[in-house]
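To start, the structure itself, in structure tokens.
Computed from the coordinates by the stated procedures, all read-outs in this text should not be read as laboratory data. Please read these numbers as outputs of a predicted model, since none were measured by experiment. Positions of Cβ are generated from backbone atoms using ideal geometry, with glycine treated the same way; all protein chains shown enter the neighbour counts.
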Amino acid sequence: MMKKLPLEQLPAFLKGISETKTLVAPVEKGGQVNFDLWTEDSTLRLDVLKTVKSAKGAFFPQVEDIVHFQMQGKNIDIHPAEVLTEDFVLFGVRACDARSFELLDRVFLSDPTDPFYAARRAHGTVVTLACNRPEETCFCTNFGIDGADPAGDLSAWMTEDTLYFQANTEKGAALVAGLADCDDGEITETQNSIREILNKLPLSNLNLTGFEGDHLKERFDDPRWEELSRGCLGCGTCTFVCPTCQCYDVKDFDSGNGIRRFRCWDSCMFSDFTLMAHGTNRPTQKERFRQRFMHKLVYFPSNNDGIYSCVGCGRCLEKCPQSNHIVNVIKTLGVKEDA
Amino acid sequence: MQKIGVFVCWCGSNIAATVDVKAVAEALKSEAGVVFSTDYQYMCSENGQAMIRQAIREHGLTGIVVCSCSPRMHEATFRKTAVSAGLNPYMVEIANIREQCSWIHKDMAEGTEKAIVLARAAVAKLHKNAPLTAGTSPVTKRALVIGGGIAGIQTALDVADAGFEVDIVEKAPTIGGRMAQLDKTFPTLDCSACILTPKMVEAAQHEKINIISYAELDSLSGFVGNFTATIRKKARYIDEDKCTGCGVCTEKCPSRKGLDDFNMKLNKRGAVYIPFAQAIPNVAVIDPEQCLKLRTGKCGLCQKVCSAKAVNFEQKDELIERQYGAIVVATGFKPIDASAFNEYAYNDSPDVVTSLEFERIMNAAGPTKGQLVRPSDREHPHEIVFIQCVGSRCTEDAEKGKPYCSKICCMYTAKHAMLVREKYPDVNVHVFYIDARTPGKNFDEFYRRAVEQYGVDYIKGMVGKVSVEGKKLHVQGSDLLNGEQVHINADMVVLATAIEPDPTARALGTMLTASMDTNDFFTEAHPKLRPVESPTAGVFLSGVAQGPKDIPETVAQAGAAAAKVIGLLCKNELTCNACVAHANEAACNGCSQCERVCPYGAISYEEREIRSPEFRGVRRIAVVNEAVCQGCGACTVTCPSAAMDLKGFTNSQIMSEVDAICR
Amino acid sequence: MSLTNQVTAADILRISGVDASRCMQCGKCSGACPNYDEMDIPPHRFAIMVRQGRITELMESQAIYRCLSCFACSQRCPRNVEPAKLIEAVRLTVIRQKGQNHMKADSIPEKLDEKLPQQAIVSAMRKYSK
Amino acid sequence: MSMNREWTPNIVAFCCNWCSYAGADLAGSGRMNYPANVKIIRIPCSCRLNPMFILRAFQRGADGVILCGCHPGDCHYSTGNYYARRRMTVLFSLLDYMGIERGRTRVEWVSAAEGAKFAATMNDFVKTVTELGENKKLGDLRCKK
Amino acid sequence: MIVNRLQELLQDDENLQFVGWEKGETPFDRTPKTFTAETLGNLCYDSFCGSNLSKYLLSQKTDKKTVVLLKPCDSYSFNQLCTERRLNRDAYHVIGVGCKGKIDGEKIRKTGIKGILSVREEGETLKIETLYGTTEIPRKDVLLDKCLACKGKEHKCADEVLGESEDTCVGDKYETVAKLEAMTPDERFAFWREELSKCIRCNACRNACPACSCIKCVFDNPNSGVQNKAAADDFEENLFHIIRAYHVAGRCTDCGECSRVCPQGIPLHLLNRKIIRDVNEFYGDYQAGDAIGQRHPLTDFTFEDSEPNAERKGGGK
């Protein structure tokens, strides 16, 4: 059974949640909208389709302590960092980001399970929001994602004056237990209009043939990587705004009294990514660039039942300083294959 | 991981009175890497050093920290101690717990706590130390002396006598310099030429000395032991090898407009000339500004009369490139331009002359053949006024003049006064002086002789104004001792003008990267302890180029500079500074910024094959010449990629110290 | 009002802006002084007496009135001591101690006289207006 | 450090080897007093001071950082302090622009003969930094004890 | 017009390569690219080619003579890189392309115009077709910030110039710097905290910056002592941006790429511009990249330079 909430009651609803749980939602800070702690003073921006960073930080933060070594003279005490024990709610996630969690689960929850990630997933409730106004950079449809029907523990649709909820799990249902019931049909019109736009999107019909696992060697050796990677600056913008990139580096910080070992997001675009004693196996930006897209479009699907490690959120299309992104790669390498 | 020993010195009670040395030694035991820590009354004593040596051997220490007095005091001592126990000398760090701790703090707890922090910082730095070995560079066994005056000649002779080749580069057509222009020398009144010219001849005939006259240093590269100099030998339009110095050309030259520099422009000379009779090389030179042939293409009389066929109007400047191990600057001085001092009517009357002009007038080989006459009318003067300190001892903010005392004027003025009175007892001589400065062997006796024996009228006070009144010069001055104004109607006025470094010195200083003071005198490496060396290694100072001095001092300094040069050239190779900059090839951009800030020109660039994660291929890389680098570190901060680091004071060493201090 | 109020070397320094201690007693100022014979204390002694704090003697001297303000001494001084400024400073101190005889710009018109040289007015203003 | 003691600032002083370090030694020889919370790091020349070292000191808990070098014109390496002067001028201005109090950074020229100046400078600098209080803006929380 | 001229050049030397921009997927996508005789037809130059190609040249070293398109503002960076011996002037034929200000797609999106399918320039107006209808916006409202601080229409290193340029500078480019200077230290600190706390350390500012061209950045170098990949706390956020601004001091040409590429919209150029303003004030006017071979103010000095301790509050040109 669906629930509904008049929009003007949304602040009170969020306040209610925040009283017992940490609430994370798209809020504006310094002119940018990102998922961040919601408080009554926050500027909630549900109208913004794409936060700068994806929502993955709620489960996989950019920087996270792992263990702390405390020096006592010449002795060392070891204090592992604690995993999350408190519940939180992640509100306003779009369909693409919601799908990214499933992809991250495949990495972090498969053996060996990442305890920090697992704890956050267990304690987090994801509330998604349908995409009323998809944008030209959206291409989620290529990956079987329906912006009109987002997943998550609780899905939401917003009309001009009302917020509709559909619980998909018990965690989700618990959040909206106190709201008024309503009929499923009340959101049909909204869904239809969303789907109509989704069909019109310029990038909604990308040809992904040729990226399956059995073309690995061909794709890897494709001479066009050279040309494609030329403009790449080797920055990590695409990686850090991406909902599915999950690489991290483990670093030590020597505070003088001890060592804090933490992990932080890493980018395969960086020159020192997976740098080893012997040097690097990706010596130029061509190899690094290839790695990122081979991983998303070839390696990941080969290892994960054909699922691409891209959800088509389009953030990299908007943010790449050189406009050199995954759609270029798909079109350059894919279309030629087709022809 | 290092195995570090910590040695805390009591320095008797100097440290132990305000620092609990035992507590410091104990606290340091718990520092990572410290395997031995102790204290002792006097670490620098033989017993203390023996203790260090023993600990190094027993505990297999890889480095030691000595907590003691300033490293400026005993760092060298403890480095030697370490070496004698088999450690690299750069594996020693000093924690300065005396000058910078026990002596400035009164409270024991405070002092002890700070001493522990300082010792920890030294340990932290030592963890990042690496053994350093000073490099070596070969020595070219030839010296370059710039300037062929008495300073340059003496230095060259001394160096050559020790068996090393010396080149003298002299910008004038002859060596001899200022001393050649002098008539007599104080305090002995012996003839200047009589003592100088034998030296000039000796230099010319010395098999190890090569005189390059009428030449200037064009450019210089390299460093101590390995300089490469380019010398520009100016065209003199006379073939030096052919000219016999017979002087026929100088007599036949129809041009008579050139001013005779050697005689302070008091007379005219031909366009082709030999500066003076004893010139070395005794070869004519053509002044292209005056020569009719060179200016208009007509004449060539000298060429016709030269039986040696030495005149060559086609001659061009010649560039000579030579290697040198050492360079001596002996560029000397010139009197300042007296025309700024028109209160003494220098511009208004030819009878107001400078001392050096007076020197030429008194000289038997001078423009008046040694007859004392007024330049204006060649009449014999009866009243001569000497004015001291013209342009010396002025404040820096004064409109004109120099802030320093020119040192020689008191004595040469006494000499002039005495010579005049000796030769012409009818002439009254007045000397206006501020202070009569005569500190030197037999100097004050000399001055007193002028007053007592020769009756020179010394007036303490200065001349305020000299005005031309008909044929006379009205001198108005103040007699400070009598408290009265003095008015003298003089026939001549002689100005004891200040001396200043030769105008070529500044450009030369830049070329040599040798520092200069604001007056363009070359700076010595240490004003007391290294007075004949420039801060730039391999560059030595001789004579007035370094500061005002008289002939005996100049000769003494010339000899001292020669001794330093000989000391350098004796070595087959030089040990370099071990704490030098070094560029990490993998990170160097080759951007040239470090080169720009290096005061020694120690950085150059090479194309090198690089294989790093970021770059594969050939790239321009900074290379530090370890023989030249003095280890200031200017380059390290300019380098944006921190590719440039300074051994002994690396980024990580200094940051470790910071970390330990702030911990 | 007496002249015995204690005036110090520092006061003269402040008024004149001249550091008398820079004087090396060369006497070039006195040598240049066109009115030397009239000056009971010649310019070079101003410098040394100011330095010694003998201001009262200077204030009682005639020289402070006989100085022509020609600035020859200042112009010649090799050490920028500017004796003329010292003399003027002493003179000013005397005038100030005597009280209300300052000259004001307003009072100039009534003092004007066709024969009076312009420079005298300027000089008087300089001497008596501070 | 004991907890109950009154807060005193932690000062890092970078001194060039030739002038200021010797000046600091002279202050010691003259038994002049300055606070114990000034700790000196010897560098060959003021031009060796990398801005990273200053930031590092602030990160690790310094409350003030001072650079002492030879007087302009007296540099042992002839020009090092001129570069240091420009670098620090630009850096201090930038830090000020980012809201870091100006009083926390300083450059003083102290010759080997100026022991008294060194002590007076340190006393004055400690006083200034004490008045500014603890460095909270440029500290690294992980380095707090 | 440009492509025609480039084709002419090809007739003299068919081995030439060309560095310019290529149209991409969205209306704003202009990707730096190297073209050969065969692909030259894809070269595009229009109002969306905001990116600075000078830095791009660094990674495009080949033996072939390269023809590069540079806007007036890009030419400063090109010169600076030549000064620093990173580029060899002789290897390039520089075509100065006319520029009347470039359009910022991000700014259009920020106005609330979404789902943009095409943008057409009609004089001073942009006609924008979106998924939700068509709309218009004045061109001058959506120029890149760097164009509002335009250094003028002069090409500093062009071998030839094609097309007209316009100086699009609006007002005093130091206005915001002055505003910040006028604040109290605490206000300034708060301003920069809010801005820098958005930093995600993607390194786009650094990697796009033509001055930040180090082969091995100190922040990537484990031996530098400051290496880090992500800002673990406020200090590290400050550190990165202080050091970055400082390292380009005297070398930054104020090209504005840092702020253009920042995904979080941090006004990073305000740090550089502060230094530029200071350097001009203390050491005389200096424009990095004005000519090849300049000695920048931090590798230079005069005996009379001002002292670091001087109190310099706000204002004051």
Fill in the blank from the handout: The lysines whose Cα lies under 19 Å from the Cα of A:LYS217, excluding any fewer than 8 residues away in the same chain, are A:LYS286, A:LYS296, A:LYS331, A:LYS336
Fill in the blank from the handout: Quick note on D:MET88, A:MET71, ordering by fewest other C-beta atoms within 10 Å, gives A:MET71, D:MET88
Handout entry: Value of relative contact order over chain A, rounded to a whole percent, pairs C-alpha under 8 Å and six or more apart
Key = 20 percent
Fill in the blank from the handout: If each part is reduced to its alpha-carbon centroid, region B:74-138 and region A:282-339 end up apart, in Å, by 56 Å
Handout entry: When the protein assembly as shown is reduced to its Cα atoms, the Kirkwood hydrodynamic radius in Å
Key = 39.4 Å
Exercise for the section: Working from Cα positions, state the angle (0 to 90°, nearest 10) between the long axis of helix C:43-52 and the longest principal axis of chain C. Expected result: 70 degrees
Handout entry: Virtual spin-label span in nm between B:THR518 and B:GLU607, 7 Å along Cα→Cβ
Key = 4.8 nm
Practice task
Treating each Cα of region A:228-307 as an identical point scatterer and ignoring solvent, apply the Debye formula and state log10 I(q)/I(0) at q = 0.18 Å⁻¹.
Solution key: -0.84
Practice task
Neighbouring Cβ atoms within 10 Å as the yardstick, rank C:MET125, B:MET644, E:MET1, B:MET516 fewest first.
Solution key: E:MET1, C:MET125, B:MET516, B:MET644
Problem - Shape metrics for region C:9-71, restricted to C-alpha atoms - Rg then Dmax, Å - result: 11.1, 29
Problem - region B:333-500 - Debye-derived log10 I(q)/I(0), Cα point model, q = 0.15 Å⁻¹ - result: -0.79
Fill in the blank from the handout: Hull surface over four for the Cα convex hull of chain B, reported in nm², is 38.9 nm²
Exercise for the section: Using the Kirkwood radius over Cα pairs, work out the Stokes-Einstein diffusion coefficient for region E:137-219 at 10 °C and 1.306 mPa s, in µm²/s as a whole number. Expected result: 96 µm²/s
Exercise for the section: Please name whichever of E:LEU40, D:SER20, A:PRO11 sits farthest to the positive end of the charge dipole of the protein assembly as shown, dipole taken about the Cα centre and charges placed at Cβ: Lys and Arg +1, Asp and Glu -1. Expected result: D:SER20
Exercise for the section: Only Lys, Arg, Asp and Glu count, each charged at its Cβ (+1, +1, -1, -1), so figure out the dipole size of chain E about its Cα centre, rounded to 20 debye. Expected result: 520 debye
Exercise for the section: Excluding residues fewer than 8 places away in the same chain, name every one of the lysines whose C-alpha is closer than 17 Å to that of B:LYS171. Expected result: B:LYS233, B:LYS234, B:LYS316, B:LYS334
Exercise for the section: With a cut-off of at most 11 other beta carbons within 10 Å, and DSSP calling the residue loop, which GluC sites (Glu not before Pro) in region E:29-114 qualify? Please list them. Expected result: E:GLU38
Completion exercise
Quick numbers on chain E, Rg and Dmax over C-alpha atoms in Å, give 20.5, 65
Practice task
Choose one of A:GLY334, B:LEU182, B:ALA398: the residue whose Cα lies farthest towards the positive end of the charge dipole of the protein assembly as shown (beta-carbon charges +1 Lys, Arg; -1 Asp, Glu; about the Cα centre).
Solution key: B:LEU182
Fill in the blank from the handout: Per the helix-only model, chain B has a calculated mean residue ellipticity at 222 nm (DSSP H runs of ≥4, -39500 (n - 2.57) each, divided over all residues, rounded to the nearest 500) of -8500 deg cm²/dmol
Exercise for the section: Take peptide E:54-62, look around each residue's Cβ out to 10 angstrom, count Cβ atoms belonging to other protein chains, and average those counts. Expected result: 2
Problem - For q = 0.11 Å⁻¹, Debye-computed log10 I/I(0) when each Cα of region B:4-128 counts as one equal scatterer - result: -0.29
Completion exercise
Applying the span-like rule to chain B (DSSP H, Cα extent along axis at least 24 Å, Kyte-Doolittle mean at least -1.0) gives B:108-128, B:551-570
Problem - Stokes-Einstein translational diffusion, chain A - Kirkwood Rh over all Cα pairs, 1.306 mPa s, 10 °C, in µm²/s - result: 73 µm²/s
Fill in the blank from the handout: Here the longest stretch of chain A that holds no GluC sites (Glu not before Pro) in a DSSP loop having at most 15 other beta carbon atoms within 10 Å is A:213-339
Problem - Relative contact order (%) - chain B, alpha-carbon pairs under 8 angstrom, separation at least six - result: 13 percent
Exercise for the section: Please express the Cα-Cα pair-distance distribution P(r) of region D:11-130 as a list of whole percents, one per 10 Å bin, running from 0 to the bin with the greatest distance. Expected result: 15, 49, 32, 4
Practice task
Go ahead and collect, in residue order, the members of region A:56-81 whose backbone nitrogen is under 18 Å from a label point 7 Å along the Cα-Cβ direction of D:LYS144.
Solution key: A:65
Problem - Of every Cα-Cα pair in region B:544-648, the percent that sits beyond 20 Å - result: 54 percent
Problem - Loop sites in region C:1-104: trypsin sites (Lys or Arg not before Pro), DSSP, at most 12 other Cβ within 10 Å - result: C:LYS104
Fill in the blank from the handout: Taking only the alpha-carbon atoms of region E:181-310, the convex hull volume per residue, in cubic angstrom, is 138 Å³
Fill in the blank from the handout: Bounding extents of region E:33-77 in its principal axis frame from Cα atoms, largest first in Å, are 27, 22, 13
Completion exercise
Averaged over the residues of E:193-200, the number of partner chain Cβ atoms within 10 Å of each residue's own Cβ comes to 4
Problem - Potential lengthening between B:THR244 and B:MET73 on full extension [0.36 nm per residue; Cα-Cα distance subtracted] - result: 55.4 nm
Fill in the blank from the handout: As straight-line cross-link partners of E:LYS114, the qualifying lysines (C-alpha separation under 16 Å, not fewer than 8 residues apart within one chain) are A:LYS50, A:LYS200, A:LYS319, E:LYS127
Exercise for the section: Within region B:161-267, list the trypsin sites (Lys or Arg not before Pro) lying in a DSSP loop whose Cβ has at most 15 other Cβ atoms in a 10 Å radius. Expected result: B:LYS242, B:ARG256, B:LYS257, B:LYS265
Problem - Alpha-carbon centroids, region E:164-232 and region D:56-107: separation in whole Å - result: 21 Å
Completion exercise
Check: C-alpha center region E:261-294 vs C-alpha center region A:28-87, spacing in Å is 34 Å
Exercise for the section: Note the angle between two axes, namely the Cα long axis of helix E:185-196 and the longest principal axis of the Cα atoms of chain E, as a number of degrees from 0 to 90, rounded to the nearest 10. Expected result: 40 degrees
Practice task
Could you list A:HIS278, A:HIS325, E:HIS241, A:HIS68 in order of exposure, starting from the residue whose Cβ has the fewest other Cβ atoms within 10 Å?
Solution key: A:HIS278, A:HIS68, E:HIS241, A:HIS325
